[in-house]
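Take a look at the structure set out below.
The values are calculated or read from the model by the stated rules, or taken from the named source; none is laboratory data. All figures in this text were calculated on a predicted structure; none of them were measured in a lab. Cβ placement follows ideal geometry from the backbone for every residue including glycine, while neighbour counts extend to all protein chains displayed. Side chains included, ligands, DNA and RNA excluded: accessible areas come from the protein's heavy atoms. Shrake-Rupley method; radii C 1.70, N 1.55, O 1.52, S 1.80 Å.
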Amino acid sequence: ESCRKLAASVGAGGEATWRAAFARARTAQLEFDAWLLEQGRAALERAAKDGVVPVVVLGRTYTIHDDILNSNLPSILREQGALAIPVDAFPVRDDAPIFENMFWGHGHRNLRAAWQIRRTDGVYALFASNYSCGPDSFTHHFIQDLLAGKPFTTIETDGHAGDAGTKTRVEAFLHCVEEHRVSGVQRPARPAERLTVRSASIQDIQDAGETILIPHMSDASEALKAVLEGKGLRAEVLPEPEDDELRIGRRQTSGKECLPMTLTLGSLLARLQRASPDEKFAFFMPGSDGPCRFGAYKEIHQLVCDRLGYGDRVRIWAPPFGDYFRGLPPGFGAAALAGFVALDHLRDLLLDVRPRELAQGEAQKAYARGLAAVGDLLREQVKGDLSLKRLLWEIGSGKIWGLPKLLGQIATEFAALRGPADLPAVLVVGEIYLRNVASANGRVVEELERRGIRTKVAPITEFLAFSDFIGARLKRRDVGERISAWVRHKTEATIAKAVAKPMGWRLPTAIDEVVKMASPWVRDSLETETVLTVGASLDSWRRREVDGVVSVGPLECMPNKIAETQLVHIGEREGLGSLTFSLNGDPLDPEPLDAFALEVKARHKARRGPGTPPPGSPVTRVIPGMGRLEPEGA
């Protein structure tokens, strides 16, 4: 399809013309691939004949075939008497396992090759990686596990260092290889199945008497706990991770993985350390199909638990994306979704009122009462009829298990607590875990409030809406999928309306409009939170709801980096001020936050102060160094 569009864009003939060209190109590629494997077989035979050690160079093809990116590894190996064979020239048996959850193409090729190398006498491997490569930070764990029992090393380069360090590493590696060859010691290879998490059903977990452990991701995690408990399951939300959990997680990782993975792993291990020997658990860690590294979290969790001897006491519950509650009545998942929506709005109420409350501490007390009330309501409601018929009645009637009515009452209480102060506002966007876990994002919301700025955090449920949007675009949806989409949309709209009326808020923008706003800057085919980060920021800015944006993400997070770049360009075009934090467990630097707070206040004054042009007027105000400030609707 990509080739068809390309041919049409350059006027390269009709259907028959481009299809013939495509067929010739594909044939040439397949012939080249076959030739590569023949070269690899010949190299392995020659190495065996001449007594030379063959070393398969794992990595991405654009790294291992570039002398700058691979730090001259092939030449260094030859200089020291070994023969380098690139992974794309290494023949892999047809019975090599398929790693079903490995969605990175290069990663999958390297895992299959590593599996074969471990089972091939006299053949060794090293991994050529690049500095701060996100996928490699996870793939390295899997390759290391597959090759356990054979010498193995990783050479990480940034294209700037000299060859001396690489030579030393290769010398040490080949010394270990020689010792391994001389010793003749052979250990059994580890099974590849350890690197693929198999999902269990809720019924499996209940039958096994396991307690479901839920990672802390804002108080919305309490909604999942409540509905699980309402159905008679044992569930526990892990505490918000602090320094101890970070320290525990870092002991089992390299420091290059995403911060959320390290924190959720540390939280799990800390809980297992406190557990009695007879306790069994199911750790809730959903999967995804990439490209974000989040999709590989569950395998790392399983690998570490097995390595530490917890494998028989904890399973990773990784329900398939979009079908988290397989085997349960339709109303169960809908009730959980409604709980997430309700608690997203409850947090909105707290963050809007707390910085300008009439009596200090009252907003936090109201929030605690609301949180408890939502949890109690969910537990009680899921004990009842959760059939499809009852679900359709609950959603169609707008009752939604009483949540809109409850949230309306809570919103009315918050509206009475809110003072008249006109404070600048900032939208907190970015990676879903970090923006929702205060200890992981340096408590950026509290820091902004200390500087006289109120905040709004992008909701957890926005990504569910985006996933539904992507799914609808990619395929023809069946009746069940259309009903699920209607349930989600009606639930979100009804609860939002109940909260918005007493607070005087506008209703949230539909997800397709958010994606449309982002489209000049980010293609929705990226299918990551980059689209939402950019689109939601533009939406709130253009509607004059915020005066700036803070984006948080893990260190070296690809989606966050793309969003950061585009937010800078948007600022130049539209005047939206943004600040991006790439986090790895260190405290926030107060200096950029101080400077950003000053800019936000200046923008707020310029947009709200005397002389502000009415919506639709041309731009009349420019603040040096801050870009254009455009009125609503520009």
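Side notes on the structure shown:
- The sole residue among Leu213, Leu246 that is open to solvent by less than 10 Å² (accessible area, probe 1.4 Å) and within 30 Å of Met558 (Cα to Cα) is Leu213.
- Residue count for the stretch 34-62, restricted to those that are of a type in the set (Gly, Ala, Ser) and touching a residue at least 24 places away in the same chain (Cβ under 8 Å): 5
- Any chance Glu492 is in a helix (DSSP H, G or I), open to solvent by 50 Å² or more (accessible area, probe 1.4 Å), at pLDDT 90 or above and not small (Gly, Ala, Ser): no
Rundown of residues vs (1) closer than 22 Å to Glu462 by Cα; (2) out of contact with any Gly (no Cβ under 9 Å at 6 or more places or on another chain); (3) modelled with pLDDT under 90, yes/no style:
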site: Lys280; (1), (2), (3): no, no, no
site: Pro319; (1), (2), (3): yes, no, yes
site: Tyr324; (1), (2), (3): yes, no, yes
site: Gly339; (1), (2), (3): yes, no, no
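- Against the criterion of being part of a helix (DSSP H, G or I) and either over 23 Å from Arg354 (Cα atoms) or without any contact (Cβ under 8 Å) to a residue 40 or more places away in the chain (or both), Thr509 does not qualify.
- Only listed residue being of a type in the set (D, E, K, R), at pLDDT below 95 and open to solvent by less than 40 Å² (accessible area, probe 1.4 Å), chosen from Glu481, Glu513, Glu431: Glu431
- Test for Gly504: is it open to solvent by 50 Å² or more (accessible area, probe 1.4 Å), on the phi > 0 side of the Ramachandran plot and not β-branched (Val, Ile, Thr): yes
- Pair list, Cβ < 7 Å and 6+ apart or interchain, from the stretch 207-223 residues that are over 17 Å from Ser439 (Cβ atoms) to residues that are open to solvent by 20 Å² or more (accessible area, probe 1.4 Å) and assigned to a loop (DSSP other than H, G, I, E, B): Ala208/Lys280; Gly209/Lys280; Glu210/Lys280; Thr211/Arg234; Thr211/Glu279; Ile212/Arg234
- Here is the figure for the stretch 263-293: residues that are in contact with a strand residue (DSSP E or B) (Cβ under 8 Å, 6 or more places away or on another chain), open to solvent by 10 Å² or more (accessible area, probe 1.4 Å) and over 21 Å from Phe103 (Cβ atoms) total 4.
- Residue among Gly361, Gly384, Gly402 that alone is without any contact (Cβ under 8 Å) to a residue 40 or more places away in the chain, under 21 Å from Ser218 (Cβ atoms) and open to solvent by 10 Å² or more (accessible area, probe 1.4 Å): Gly361
- Residue within the stretch 136-156 that is surrounded by fewer than 17 Cβ atoms within 10 Å (Cβ to Cβ) and over 32 Å from the mean Cα position of the chain (by Cα) present: yes
- Pro260 vs. criteria open to solvent by less than 30 Å² (accessible area, probe 1.4 Å), within 15 Å of the chain's Cα centre (by Cα) and within 27 Å of Asp376 (Cβ to Cβ): no
- Only residues that are assigned to a helix (DSSP H, G or I) and open to solvent by 40 Å² or more (accessible area, probe 1.4 Å) were counted across the stretch 531-584, and they come to 10.
- Residue that is modelled with the lowest pLDDT, among those in the stretch 439-472 that are open to solvent by less than 30 Å² (accessible area, probe 1.4 Å), out of contact with any Pro (no Cβ under 8 Å at 6 or more places or on another chain) and aliphatic (A, V, I, L, M): Ile470
- Among the residues of the stretch 102-115, some residue qualifies, meaning at least one is of a type outside the set (Asp, Glu), crowded, with 20+ Cβ neighbours inside 10 Å and assigned to a loop (DSSP other than H, G, I, E, B).
- Summed over the stretch 224-235, residues that are open to solvent by less than 50 Å² (accessible area, probe 1.4 Å) and not in a loop (DSSP other than H, G, I, E, B) total 7.
- Residue match in the stretch 586-601 (condition: touching a Lys or Arg at 6+ places or on another chain (Cβ under 6 Å) and at pLDDT 95 or above): yes
- Looking across the stretch 121-133, the residues that are open to solvent by 10 Å² or more (accessible area, probe 1.4 Å) and either of a type in the set (Ser, Thr, Tyr) or farther than 28 Å from Ser183 by Cβ (or both) come down to Asn130, Tyr131, Ser132, Cys133.
- Just so you know, in the stretch 146-202 the residues that are in contact (Cβ under 8 Å) with a residue 60 or more places away in the chain and touching a Lys or Arg at 6+ places or on another chain (Cβ under 7 Å) include one that is nearest to Thr120 (Cα to Cα), and it is Ala189.
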